[in-house]
Amino acid sequence: MSYIPTVEQARALVAEYNKEPFHIQHSETVGKVMGVIAKTYDPENVDFWRVVGMLHDIDFELYPEQHCIKANEILHELDIDEEVIHAVISHGYGICIDVEPVKYMEKMLFATDELTGLIGAAALMRPTGISDMEVKSVMKKFKDKKFAAGCSRDVIRRGAEMLDMELTDLIALTLDAMRAEL
């Protein structure tokens, strides 16, 4: 019988499939961002959003060339609930899989995944990190194609469009979520 993992179970699964501190930290960051955003948009399901955020790259370290495809297999083998699986793999829509994000939560994951990477990289360049970072600082880095080149600006833009949000509003929301306590 399929199940929805708890936050602790999701954390353990991420650690089982990932050994690089960067990947584990990214999982925690995206999980936190999703959980914080859920407090506003879906307060009854904060842990669900958080678990999806944490599990979204479960396969990336081991199978970067088969990202989301292997996540689909792994999560099915673990008997994870279909709603979690769809949400997890849909963040790779148009990149590595043809599963479209349909629910608002899935679109938020699609939109914030790459953006947390860009913001995190920008924070590393600042003595105060993310604490006082402004949207305009992120936009400046966003426009610099050479900065954090692995963070797809196209995906971030498409995510904002899916959510029917201005890019600057998505950046502000993500910044606030990265700074917030969960």
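Would you compute the Debye intensity of segment 72-144 from its alpha-carbon atoms alone, equal scatterers and no solvent, and pass along log10 I(q)/I(0) at q = 0.13, 0.16, 0.22, 0.28 Å⁻¹ to two decimals?
-0.53, -0.69, -0.90, -1.17
Sort out the exposed loop GluC sites (Glu not before Pro) in the chain (DSSP loop, at most 15 other Cβ within 10 Å) and tell me the longest stretch that has none. All intermediate terms of the calculation are to be shown ahead of the outcome.
Details: sites that count: 134, 166, 181.
Longest stretch, sites excluded: 1-133.
Pick out which of 117, 35, 94 has the largest mean-square fluctuation in a Gaussian network model of the chain, springs linking Cα atoms closer than 10 Å.
Residue with maximal mean-square fluctuation among 117, 35, 94: 94.
Per residue of the chain, what 222 nm ellipticity follows from adding -39500 (n - 2.57) for every DSSP H run with n ≥ 4, rounded to the nearest 500? Intermediate values should be presented prior to the final figure.
Details: 9 runs with 113 residues, N = 182.
Using -39500 (n - 2.57) per qualifying helix, the result is -19500 deg cm²/dmol.
Kindly express, to the nearest 10 degrees and within the range 0 to 90, the angle between helix 167-179's C-alpha long axis and the longest C-alpha principal axis of the chain.
70
How large is the convex hull of the C-alpha atoms of segment 24-182 per residue, in Å³? Please list the in-between numbers first.
Numbers: hull volume 17.3 nm³, N = 159.
Here the figure is 109 Å³ per residue.
Give me the log10 of I(q) over I(0) for segment 20-92 at q = 0.15, 0.16 Å⁻¹, as the Debye formula computes it from C-alpha points; what are the numbers?
-0.47, -0.54
I want to verify a result. In a Gaussian network model of the chain, Cα cutoff 10 Å, which of these has the top mean-square fluctuation: 86, 67, 76?
76
What is the Cα centroid distance between segment 123-182 and segment 15-82, reported in whole angstrom?
What the calculation gives is 20 Å, centre to centre.
Which of 143, 32, 107 moves the most in a Gaussian network model of the chain with Cα springs under 10 Å?
Ranking 143, 32, 107 by mean-square fluctuation puts 143 first.
Each reported figure results from applying straightforward, stated rules to the coordinates on display, with no laboratory input. The structure displayed is predicted, hence computed values, not measured ones. Cβ sites come from the backbone with ideal geometry, for glycine too, and all protein chains shown count toward neighbours.
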